[in-house]
Amino acid sequence: MNHRIEKTVLFVKEKLKDAEAGHDWFHIERVWNLAKKIAEIESCNREVVELAALLHDIADPKFHDGNEELALTISGEHLVSIGAEADIIQQVLFIIKHMSFKNSLETGPASALMTTGSRTPLTELHIVQDADRLDAIGAIGIARTFNFGGYKNNLMYDPEIKPKLNMTKAEYKKNDGTTINHFYEKLLLLKDRMNTVTAKKIASRRHDFMLKFLEEFYNEWNSNDTSC
Ligand code: ADP
Ligand code: NI
């Protein structure tokens, strides 16, 4: 493993040692692995992809009073400390800044974004964004979502509370709806927002699994068990 990646792994593991289970080191490790897999057939800067995947949740605003700059400051300082070149640092920070689902609600598709100075790492952004979104869906996505809902003490489900579609970033952030609604407000939308061919394929299976889960959930909720 490249020396700078190795140092970053140690740094992230330490920083996230008390993180909520859906945003902990294991989430980072899965996203890192998915990003490497997606990067196999894309022409991109692998080091930028790996560093951004490793650092992308180093200080998620959700867990830091909404502070959106902290992740950039912490990541920037770390990248300087491991001797990354200015160009690499700019690209990694660009990805961390623009990859989140919330931010895409406000800024629109990432392809519309530009940086000044260094090369805009759009392919690398797309890869890391896809990897993070894949970890939000499927069986792991379901587990993470219920874990987060529990962490926030939200209801699992309430048939009276309807999902809110087309939320702005501000509405999305303060939304304390049910965990089942989060499927309609975010998780089921992700399949069609994948950027790369590899992620689209993986997403399709994970999406179908969530639909089956929801069907079963409603059956059990309504005592519609077909087995007796
Ligand atoms: P990003 O960090 O990409 O902006 P989100 O803030 O939407 O994305 O959340 C990341 C993950 O946290 C989601 O995939 C989900 O597992 C969990 N999460 C976020 N908001 C909720 C919610 N309201 N209910 C349940 N889980 C949530
Ligand atoms: Ni993430």
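Checking the structure you have, find out if any residue of the range 72-79 is under 28 Å from Ala139 (Cα atoms) and either free of Cβ contacts under 8 Å to residues at least 12 places away in the same chain or surrounded by 16 or more Cβ atoms within 10 Å (Cβ to Cβ) (or both). Checked against the condition, which is being under 28 Å from Ala139 (Cα atoms) and either free of Cβ contacts under 8 Å to residues at least 12 places away in the same chain or surrounded by 16 or more Cβ atoms within 10 Å (Cβ to Cβ) (or both), the range 72-79 yields no hits at all. On the given criteria, is Lys200 more than 16 Å from Gly22 (Cβ to Cβ) and in contact (Cβ under 8 Å) with a residue 24 or more places away in the chain? Judged against the criteria, Lys200 is not a match.
Cβ-Cβ contacts under 8 Å between residues 6 or more apart (or on different chains), taken from a first residue in the range 85-102 that is touching a residue at least 24 places away in the same chain (Cβ under 8 Å) and over 11 Å from Glu47 (Cβ atoms) to a second residue that is buried (at least 24 other Cβ atoms within 10 Å of the Cβ) and of a type in the set (Gly, Ala, Ser), are listed as Ile95/Ala52; Ile96/Ala52; Ile96/Ser75; Met99/Ala52. Tell me whether the range 123-134 contains one or more residues that are under 18 Å from His98 (Cβ atoms), away from ligand 2 (no atom under 16 Å from the Cβ) and part of a loop (DSSP other than H, G, I, E, B). No, the range 123-134 has no match at all. Cβ-Cβ contacts under 7 Å between residues 6 or more apart (or on different chains), taken from a first residue in the range 42-63 that is farther than 16 Å from Ala131 by Cβ to a second residue that is surrounded by fewer than 24 Cβ atoms within 10 Å (Cβ to Cβ) and of a type in the set (A, V, I, L, M, F, W, C), are listed as Ala59/Leu70; Ala59/Ala71; Ala59/Ile74.
Of all residues assigned to the range 171-178, at least one qualifies as being at pLDDT below 95, part of a helix (DSSP H, G or I), away from ligand 2 (no atom under 16 Å from the Cβ) and surrounded by 12 or more Cβ atoms within 10 Å (Cβ to Cβ). Candidates in the range 54-71 are the residues that are away from ligand 1 (no atom under 13 Å from the Cβ) and outside any loop (DSSP other than H, G, I, E, B); of these, the one that is modelled with the lowest pLDDT is Leu70.
The values are calculated or read from the model by the stated rules, or taken from the named source; none is laboratory data. Note that the structure is predicted; figures quoted are calculated from it, not measured. FYI the Cβ positions are ideal-geometry reconstructions off the backbone, even for glycines, and counts take in every protein chain you see.
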